[in-house]
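**Q** Got a structure here, written out as structure tokens. Questions coming.
The values are calculated or read from the model by the stated rules, or taken from the named source; none is laboratory data. Worth saying up front: this structure is predicted, and the values here are computed from it rather than measured. Positions of Cβ are generated from backbone atoms using ideal geometry, with glycine treated the same way; all protein chains shown enter the neighbour counts. For accessibility, only protein heavy atoms count, side chains too; no ligands or nucleic acids. Shrake-Rupley method; radii C 1.70, N 1.55, O 1.52, S 1.80 Å.
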4 protein chains.
Amino acid sequence: MNRAINILGRKLRLGVIGGGVDSFIGTVHRGAALLHEQFEVTASVLSSNPERSLNDGKTLGIPRPYATAEDLFAGEKDHPEKIDLLAIMTPNNSHYELSLQALDCGMDIFCEKPLTMTLEESEDLAAKLAQTDRIYCVAYAYTGYAMVRQARAMVEAGDLGELRSVQCDYIQGHLAELGDNEADNWHMKPEVAGESLILGDIGTHCFHLASYITGENPQDLCADVTSIVPGRTAHDYCGVLLRYANGARGSFTVTQAIAGGIHGLKIRVSGSKGTVEWDQESPDELIHRTLNSPERRLVRGGKGLHEAAHRATHVAMGHPEGYKEAFANLYLDIADHMLARHQGQKPEPLALWYPDIQDGVDGMKFIKAALTSSQQQSAWQALG
Amino acid sequence: MNRAINILGRKLRLGVIGGGVDSFIGTVHRGAALLHEQFEVTASVLSSNPERSLNDGKTLGIPRPYATAEDLFAGEKDHPEKIDLLAIMTPNNSHYELSLQALDCGMDIFCEKPLTMTLEESEDLAAKLAQTDRIYCVAYAYTGYAMVRQARAMVEAGDLGELRSVQCDYIQGHLAELGDNEADNWHMKPEVAGESLILGDIGTHCFHLASYITGENPQDLCADVTSIVPGRTAHDYCGVLLRYANGARGSFTVTQAIAGGIHGLKIRVSGSKGTVEWDQESPDELIHRTLNSPERRLVRGGKGLHEAAHRATHVAMGHPEGYKEAFANLYLDIADHMLARHQGQKPEPLALWYPDIQDGVDGMKFIKAALTSSQQQSAWQALG
Amino acid sequence: MNRAINILGRKLRLGVIGGGVDSFIGTVHRGAALLHEQFEVTASVLSSNPERSLNDGKTLGIPRPYATAEDLFAGEKDHPEKIDLLAIMTPNNSHYELSLQALDCGMDIFCEKPLTMTLEESEDLAAKLAQTDRIYCVAYAYTGYAMVRQARAMVEAGDLGELRSVQCDYIQGHLAELGDNEADNWHMKPEVAGESLILGDIGTHCFHLASYITGENPQDLCADVTSIVPGRTAHDYCGVLLRYANGARGSFTVTQAIAGGIHGLKIRVSGSKGTVEWDQESPDELIHRTLNSPERRLVRGGKGLHEAAHRATHVAMGHPEGYKEAFANLYLDIADHMLARHQGQKPEPLALWYPDIQDGVDGMKFIKAALTSSQQQSAWQALG
Amino acid sequence: MNRAINILGRKLRLGVIGGGVDSFIGTVHRGAALLHEQFEVTASVLSSNPERSLNDGKTLGIPRPYATAEDLFAGEKDHPEKIDLLAIMTPNNSHYELSLQALDCGMDIFCEKPLTMTLEESEDLAAKLAQTDRIYCVAYAYTGYAMVRQARAMVEAGDLGELRSVQCDYIQGHLAELGDNEADNWHMKPEVAGESLILGDIGTHCFHLASYITGENPQDLCADVTSIVPGRTAHDYCGVLLRYANGARGSFTVTQAIAGGIHGLKIRVSGSKGTVEWDQESPDELIHRTLNSPERRLVRGGKGLHEAAHRATHVAMGHPEGYKEAFANLYLDIADHMLARHQGQKPEPLALWYPDIQDGVDGMKFIKAALTSSQQQSAWQALG
């Protein structure tokens, strides 16, 4: 069944801002949107250089390529076949403005993280969104993996009991050496990427993933955010301790400066009855430890899974699904939500398991609290 | 860069025969073709029921849905915007006829394996193909994985030295129990699927993968092909011993009847200087053992890889790529070959690393030799 | 509790023939015997050089060092504190004679594998042993691992259902290159080590391990035994296909010539209800796959194990036990059997899970059948 | 070669206090001491119950069993064949007194950790020891693993470059549920085991292991030490952030309350040139990541290792060594040191790689600093 065709008689129309023709994030978003035949890429702004943006859109065969974001909003706002969803993958300091304009044009939005530059912007954006019926997804893409959803479903079902501890590590290696021109990389510039490279780039993923699976934010944190590579000004390391409302504890160790690091995103959530462990480098499995029986290895497509995992599964057990498939699951969720709204129905609950604006706001709260703690000799900070 | 748009001014047009709307293989082919923005799905026959075929094509938003294969060939043969490539994923006993018709219509072809029902048909098809400039890819899809290509590139570059041994296991579990109505499953019917379920369904993958990586077929084999589940008539197990021309040896252990088996496709190729090991359940890594230094774990997107691996890599190191991405690499290769031909140029050599008609023929030789050996008390058979 | 002290008022006395002071196998046997405080090393012949043998015995602080095996038998036969157990770890062509002499002296025996040079010798030895109440253990030491015993116990308990298939691989690397003076290595000399290096050295381990876990020998086999390293005369590779009485199938792939190979002993036993997999390089775990529930990882000392595994466990879960501990379990079994016999009692059944003379005889049957098959173009041979 | 016999003409004499006949730690110490044929167990106090202590010593065949520690010191002090080494494995609150008495008797000492109840006691003991030539080893036994020594040797050799970060996790499960009578367990009683269960029991292992490998102590730490299981008073969790003098950072996550946890001791040490990762559950391997080449898996007994690893290796590559072998390496080091001292020589430098009194003192500093930080809202504390 193709729900978009069935309900609308056409595929959903995606516009993209940012993400060049061959860029990592551009090919991921476009490929993920196409994968399940619900979306077509209808409009684009593919470069901050207007001429290149137009050319690149043509090169991809996109029906309505635009030179600039302004052109896109102007061209689409009243277009009879206006794009349904706008994917924003520009540098972080433009997310807020572009989101506001997209809302103004009545578009649904899929925005890269971190949501904005400041918590205030995020809260303002959330407030404005709340006055519309628009859909807003923040690209915490690891939540699209079937086995991450299985972990969350296990917590929800009580399989793990009461929360006792959380550990999330994100250990990458591409910044292990000081680069020649780090200042030229927009990810390194606080005025473009936000105040803390490590927190905005990957620390926020740990925070979101932990909250996504456990179903709750920690209450307080203490953090040490710094650079461990001599000569670097941008943050490349953070250590975080967490306290939850019920007394559970947690920790994050996050860095991009491990020599030889690969991807290194792992999470362990432990409760009074059981523990789950997930590693993005082996995303199709979830290790489940229990009090009184041997460790189980749950595999995507296999036995003993919750519906939430099956729903995010598209090839048979043992045939791997990867990062683009995780991303594609977010696009599917958004599509399901859009189509239900079109029909005046509530989306099925599992379709709402994409990360939404509140997750984006919470991510900014985390960044703010971690920075504040670190600036105050790692004093505990409430997450508010 | 989008090569199809650049060269043709349009995306390539794919037609599909077989593979229902939500079927495993159908969603894999269509999604894989769409993933890199080179193809659009233009025409379809999605069911052996003509009415359903038409409806399902409409449901997927396919521009030219057909009721039957006959209709597709009739409709496309002289269409001004004829499909460029036909993907055939029907039951095995139709591959030969559909391929001949597609050739007759001047289409390139991407056909599921096994190529045909008999070696004779395959050889005939290959002979007819040789009189055209059509492209023919056989869906030995595991060859689309970047690290399988790395393994082949290492052999070609002499990294492993002279071939000494090969082992390929394919250990699945979905036939561990006798099904209620196995006779109703077309995979189980010799007249539809071919004489030997296990050989045609997965044994041929082992054979192809070993030849793909080593660059040569074994010279002789001895085999025991049977069913290990009481009451089953279709073959569900084969053990094979192999001899290569230079004295190297090999073995295959292939079954779908391992209780709890997942996917279980693993291969080890060993030479005088080194050994590589690959497991489809962890496809982004290749273990490399050497005579005089520690074992190395090569990872897709990482250090120390050949160009062939990079060419098949589309997301950064540590972000997994899965089965659909492997399939998508075959579609990319085909596209590159098609576009080079269009320009009157030779394709770049690595674009020809998709499995071609000769691989399909060799697969049928393997099936025939293994069956003959098994029928003759596992006497050694030349592969011819 | 120390059973030997409790029952005899003293530790058991071990004599060793072969295994130099710092040799691999010598330190393994002596350390394993000492580990659980049941044995002391009382007598020794540590070298084929009589003077060195005496000196080395003194160097180890062994109370009764001998120059030669003859001296040992002469000195011990009527010694009031005669050794209880003789461990034989000399080259293979002496096992038969030394065993006969030890029997003649009324000693229990722990002999390295392969048992003798020929099947006839083994059968003769077994017949002579049967006329005594002596204990004879053959050093198929992998059977001492707790998780191998768990696997066997699962088969016995019916946890895996009816046998369907077995696969055992033994993939080492130390003979990947042709050595300078291979002819000087006794393991390579047929007149010292037996007709086939690969079969006697490690192939026989696969055979025994498969039979030990499944509880039965295969009925027939077909084999290809050869050398894959050019210029080598000793066998370094064998591929074997197996058939069991009930129609189950099996395979062995065994070689010492994989470039970069480490140890590589793995076995998978699969039945109608479940499958177990064990890898000697991770000996404390046993993977258990089942028809209808997720894969379980059983760990030594953990939940869900049979008594046979607990009995062979001596440190807590998660603290690894290795090769010497496996060996030590055989010594413990032998001690338990010896002490029960001393008390005129039957040993507890699990104490008899050490590999005995029949296992040694069966190993010789395997070697003979595999060689015969290989010499007859891999024709199937009954194991008889 | 047996060094003790060669140099002394006899094995070294070990006395043990604590560790019952079948207790975990008792069998580990005694077996480890026996394994390499350098020690014999000569004297014992095996229970706090005098009668049982005597009986148990007899049951183990120990030549000089004693009823109490007092008896042992009295009996051994002037014994012509006095024990050389005393292994202390009693509850923590007796380590200080027993150590002082052993020193007074001129014995070398191998004491369980934590060293004493307070930092002050430890510093006093170290000061008294410094006035003797006695050898003092603290049982941080994980340092006996060959691949831990490889890691340290790599740091020393500069293979990893300048220290950048350290992470050590110790994640066990045996306290995941509140026990019925936790108050009766001496490990849970502050007056017997020390103020903080988690810090003294396993946190101190993380601290030592990190310092052992990196060659330096962190400068400051901040910690959150608590119980995460409702109703428990003893600490079962700690999270620790670390700062090193050069700006490197670190973290520990340590708990015994993970449902289904097994052993879970892992460490990663990362420098400017490379990273090593070690997991006690797979102790024979060390993962080595580097800036510009693929990940390497170093294995005990394999290629590319430093002498320190070879020295701690006793069976061939691929045959596992476990926890007792690690412990046995500490006994070997002590023996080497004792024998060199006997000869009036300096021990070879690698023989001094056992954990000594300073490591014990540093462990107490860690416990004190972590507790203080935790009591002060995780304020940073110097380790000073």
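**Q** Does B:Leu98 fit the bill of being over 28 Å from A:Tyr331 (Cβ atoms) and either in contact with a Ser or Thr (Cβ under 7 Å, 6 or more places away or on another chain) or surrounded by fewer than 24 Cβ atoms within 10 Å (Cβ to Cβ) (or both)?
**A** Working: over 28 Å from A:Tyr331 (Cβ atoms): yes; either in contact with a Ser or Thr (Cβ under 7 Å, 6 or more places away or on another chain) or surrounded by fewer than 24 Cβ atoms within 10 Å (Cβ to Cβ) (or both): yes.
Yes, satisfied.
**Q** Inside the range D:204-306, counting only strands (runs of 3 or more DSSP E) that do not spill past its ends, which hold 1 or more residues that are out of contact with any Leu (no Cβ under 8 Å at 6 or more places or on another chain) and open to solvent by 10 Å² or more (accessible area, probe 1.4 Å)?
**A** Numbers: elements: D:220-226, D:237-243, D:249-255, D:265-271, D:274-279, D:285-290, D:295-299.
Hits in the range D:204-306: D:220-226, D:265-271, D:285-290, D:295-299.
**Q** Specify which of the listed residues (D:Gly106, D:Gly75, D:Gly161) is free of Cβ contacts under 8 Å to residues at least 40 places away in the same chain and not in a helix (DSSP H, G or I).
**A** Values: D:Gly75 fails: not in a helix (DSSP H, G or I); D:Gly161 fails: free of Cβ contacts under 8 Å to residues at least 40 places away in the same chain.
Going through D:Gly106, D:Gly75, D:Gly161 in turn, just one is free of Cβ contacts under 8 Å to residues at least 40 places away in the same chain and not in a helix (DSSP H, G or I): D:Gly106.
**Q** Kindly indicate the residue of the range D:1-33 that is in a loop (DSSP other than H, G, I, E, B) and within 9 Å of chain C (Cβ to nearest Cβ) and also farthest from C:Arg311 (Cα to Cα) among those meeting that condition. Give the derivation first.
**A** Keep residues of the range D:1-33 that are in a loop (DSSP other than H, G, I, E, B), which gives D:1-2, D:9-11, D:18-23.
Keeping just the survivors that are within 9 Å of chain C (Cβ to nearest Cβ) gives D:1-2, D:9-11, D:21-22.
Details: D:Met1: 34, D:Asn2: 32, D:Gly9: 37, D:Arg10: 34, D:Lys11: 31, D:Val21: 16, D:Asp22: 13 Å.
If we take residues in the range D:1-33 being in a loop (DSSP other than H, G, I, E, B) and within 9 Å of chain C (Cβ to nearest Cβ), then D:Gly9 is farthest from C:Arg311 (Cα to Cα).
**Q** Something else: Looking at the structure I just gave you, is B:Gly271 in contact with a strand residue (DSSP E or B) (Cβ under 8 Å, 6 or more places away or on another chain), on the phi > 0 side of the Ramachandran plot and within 9 Å of another protein chain (Cβ to nearest Cβ)? If you could, list the steps in order and put the result at the bottom.
**A** Values: in contact with a strand residue (DSSP E or B) (Cβ under 8 Å, 6 or more places away or on another chain): yes; on the phi > 0 side of the Ramachandran plot: no; within 9 Å of another protein chain (Cβ to nearest Cβ): yes.
In short, no.
**Q** Related question: Could you list, in sequence order, the residues of the range B:38-72 that are in contact with a strand residue (DSSP E or B) (Cβ under 9 Å, 6 or more places away or on another chain), in contact (Cβ under 8 Å) with a residue 12 or more places away in the chain and part of a helix (DSSP H, G or I)?
**A** B:Ser53, B:Leu54, B:Asp56, B:Gly57, B:Thr59, B:Ala69, B:Asp71, B:Leu72
**Q** Suppose we filter the range B:231-259 for residues that are at the interface with chain C (Cβ under 7 Å from one of its Cβ atoms) and not basic (Lys, Arg); how many remain?
**A** Filtering the range B:231-259 down to residues at the interface with chain C (Cβ under 7 Å from one of its Cβ atoms) leaves B:237, B:239, B:241, B:247-249, B:251, B:253, B:255, B:257-259.
Adding the requirement that they be not basic (Lys, Arg) leaves B:237, B:239, B:241, B:247-248, B:251, B:253, B:255, B:257-259.
The total comes to 11.
**Q** Whether any residue in the range B:42-60 is open to solvent by less than 40 Å² (accessible area, probe 1.4 Å), out of contact with any Asp or Glu (no Cβ under 9 Å at 6 or more places or on another chain) and not polar (S, T, N, Q) is what I want to check.
**A** Yes, because at least one residue in the range B:42-60 is open to solvent by less than 40 Å² (accessible area, probe 1.4 Å), out of contact with any Asp or Glu (no Cβ under 9 Å at 6 or more places or on another chain) and not polar (S, T, N, Q).
**Q** Any residue in the range D:1-18 that's in contact (Cβ under 8 Å) with a residue 40 or more places away in the chain and aliphatic (A, V, I, L, M): show its pairings with residues that are in a helix (DSSP H, G or I) and open to solvent by 40 Å² or more (accessible area, probe 1.4 Å) at Cβ separation under 8 Å, as long as the two are six or more apart or on different chains.
**A** Once the first residue is in contact (Cβ under 8 Å) with a residue 40 or more places away in the chain and aliphatic (A, V, I, L, M) and sits in the range D:1-18, its partners that are in a helix (DSSP H, G or I) and open to solvent by 40 Å² or more (accessible area, probe 1.4 Å) give D:Ile7/D:His342; D:Leu8/D:His342.
**Q** If A:Lys368 passes every condition in (1) in a helix (DSSP H, G or I); (2) in contact with a helix residue (DSSP H, G or I) (Cβ under 9 Å, 6 or more places away or on another chain); (3) more than 14 Å from chain B (Cβ to nearest Cβ); (4) open to solvent by less than 40 Å² (accessible area, probe 1.4 Å) but one, which one does it miss?
**A** The one condition A:Lys368 does not meet is (4).
**Q** Kindly provide the set of residues from the range C:270-298 that are over 19 Å from the mean Cα position of the chain (by Cα) and touching a residue at least 24 places away in the same chain (Cβ under 8 Å), ordered by number. Working first, answer last.
**A** The initial filter retains those residues of the range C:270-298 that are over 19 Å from the mean Cα position of the chain (by Cα), namely C:270-277, C:285-298.
Scanning the range C:270-298 gives C:Ser270, C:Gly271, C:Ser272, C:Lys273, C:Gly274, C:Thr275, C:Val276, C:Glu285, C:Leu286, C:His288, C:Leu298.
**Q** Turning to a different aspect of this structure: So, in the range C:315-351, how many residues would count as being within 18 Å of D:Ser23 (Cβ to Cβ), out of contact with any Lys or Arg (no Cβ under 8 Å at 6 or more places or on another chain) and crowded, with 18+ Cβ neighbours inside 10 Å?
**A** Let us first name the residues in the range C:315-351 that are within 18 Å of D:Ser23 (Cβ to Cβ), namely C:315-319, C:321, C:325, C:328, C:332.
Next, only the ones that are out of contact with any Lys or Arg (no Cβ under 8 Å at 6 or more places or on another chain) stay: C:316, C:318-319, C:328, C:332.
Applying the additional criterion that residues be crowded, with 18+ Cβ neighbours inside 10 Å yields C:318-319, C:328, C:332.
Total satisfying the criteria: 4.
**Q** Now a separate question. Of the residues D:Arg134, D:Arg152, which single one is open to solvent by 20 Å² or more (accessible area, probe 1.4 Å) and more than 30 Å from A:Glu177 (Cβ to Cβ)?
**A** Working: D:Arg152 fails: more than 30 Å from A:Glu177 (Cβ to Cβ).
Selected residue: D:Arg134, the only one of D:Arg134, D:Arg152 that is open to solvent by 20 Å² or more (accessible area, probe 1.4 Å) and more than 30 Å from A:Glu177 (Cβ to Cβ).
**Q** Oh, and also: Condition test on B:His337, is it of a type outside the set (Ser, Thr, Tyr), more than 18 Å from B:Val155 (Cβ to Cβ) and part of a helix (DSSP H, G or I)?
**A** Details: of a type outside the set (Ser, Thr, Tyr): yes; more than 18 Å from B:Val155 (Cβ to Cβ): yes; part of a helix (DSSP H, G or I): yes.
In short, yes.
**Q** For the range A:191-203: of the residues being open to solvent by less than 20 Å² (accessible area, probe 1.4 Å) and not in a helix (DSSP H, G or I), which is nearest to A:Gly250 (Cα to Cα)? Lay out the reasoning, then the answer.
**A** At the first step, the residues of the range A:191-203 found to be open to solvent by less than 20 Å² (accessible area, probe 1.4 Å) are A:193-194, A:196-200, A:202-203.
Add one more test, that the residue is not in a helix (DSSP H, G or I), and what stays is A:194, A:196.
Details: A:Gly194: 25, A:Ser196: 21 Å.
Checked the range A:191-203; the qualifying residue nearest to A:Gly250 (Cα to Cα) is A:Ser196.
**Q** Taking the range C:304-342 only, how many residues are of a type outside the set (A, V, I, L, M) and within 9 Å of another protein chain (Cβ to nearest Cβ)?
**A** Taking the range C:304-342 as the starting set, the residues that turn out to be of a type outside the set (A, V, I, L, M) are C:304, C:306-307, C:310-311, C:313-314, C:318-325, C:327, C:329, C:331, C:333, C:336-337, C:341-342.
In the following step, the residues that additionally are within 9 Å of another protein chain (Cβ to nearest Cβ) were identified as C:304, C:314, C:318-325.
The number of residues fulfilling the criteria is 10.
**Q** What number of residues in the range B:315-338 are closer than 11 Å to B:Tyr145 by Cα and touching a Leu at 6+ places or on another chain (Cβ under 9 Å)?
**A** Final tally of qualifying residues: 4.
**Q** For the range B:164-182, which residues satisfy the criterion of being part of a loop (DSSP other than H, G, I, E, B) and either more than 7 Å from chain C (Cβ to nearest Cβ) or open to solvent by 10 Å² or more (accessible area, probe 1.4 Å) (or both)?
**A** Pass one, the range B:164-182, residues part of a loop (DSSP other than H, G, I, E, B): B:172-181.
Passing the criteria: B:Gln172, B:Gly173, B:His174, B:Leu175, B:Glu177, B:Leu178, B:Gly179, B:Asp180, B:Asn181.
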